[in-house]
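Structure first, commentary second.
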Amino acid sequence: MHIDVFSVFRNSADFSGVLFYYNGPLSQNVIATMGETLRHRLGCADAGGPKARRLFSSFIEMAQNALHYSPDAPGYPGEKVGALAVGRCGSSDYYIVCGNLVHRDQTQRIRERIEPLRSMTVEEIRRAYREQLKQEPASDEVSKGAGLGFLTLARDATEPIEYSLIDMPGHEDDLAYFYIQATV
């Protein structure tokens, strides 16, 4: 990377209010370290109370989803990778954005899980969350939990979840990159 490109990246991150950014291998230890770093950064930014808890919860949810649902990175067997950023938008809101690989055959399933949440009211999301808690854990081969991840993000967000699925160059038949953003 040329130093001027890094300067543009840093300036763009500053302009976008980025408080924290990570791109690289994911593991439970890396997520724990990122969590501690984020807590410290939020403390320095005077973010506390319920908003900080929702922000932290959403950050961990996204990181865990990237770790548990991503396929191995091409050329790195056994290694999951992802990118996460947290930033300030406006005077009191924060955004969390995560990007990770997914199997291309899962992109429709992801859309089907997120799209309904984007048009639901806060009360409808809370009701769906409570209903999902009553359900048996997911029994399909893809979901490793009770299907609460996207509901948790939608419940804690102040705006509809945003997302994007983009075919990974050179892997059009196999991998896509999944980006998700929540505003808290």
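Every number in this text was worked out from the coordinates using simple rules, so none of it is lab data. Note that the structure is predicted; figures quoted are calculated from it, not measured. No Cβ is skipped: glycine too gets one built from the backbone with ideal geometry, and neighbour counts run over all protein chains shown.
Tabulated results
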{"quantity": "Distance (nanometres) between label positions extended 7 Å along Cα→Cβ at Arg39 and Val18", "calculated": "2.4 nm"}
{"quantity": "Volume per residue of the C-alpha convex hull in the stretch 75-126, rounded to whole Å³", "calculated": "136 Å³"}
{"quantity": "Relative contact order (%) - the chain, alpha-carbon pairs under 8 angstrom, separation at least six", "calculated": "23 percent"}
{"quantity": "Cα gyration tensor shape for the stretch 1-100, rounded if a/c is under 1.5, else prolate or oblate", "calculated": "oblate"}
{"quantity": "Exposure proxy order (Cβ contacts within 10 Å, fewest to most) of His40, His2", "calculated": "His2, His40"}
{"quantity": "Mean separation of Cα contacts under 8 Å (6+ apart) over length of the stretch 42-123, as relative contact order %", "calculated": "22 percent"}
{"quantity": "FRET efficiency estimate (nearest 0.05) - Cβ-Cβ, Arg109 to Ser27, R0 25 angstrom", "calculated": "0.50"}
{"quantity": "Residues of the stretch 30-67 with amide N under 13 Å of the 7 Å Cα→Cβ point at Arg88", "calculated": "41-48"}
{"quantity": "Cα→Cβ-extended label distance, 7 Å offset, between Phe9 and Gln135, nm", "calculated": "3.9 nm"}
{"quantity": "The stretch 80-123: relative contact order in percent, alpha carbon pairs under 8 Å with at least 6 residues between", "calculated": "28 percent"}
{"quantity": "Prolate/oblate/rounded call for the stretch 4-51, Cα gyration tensor, a/c under 1.5 rounded", "calculated": "oblate"}
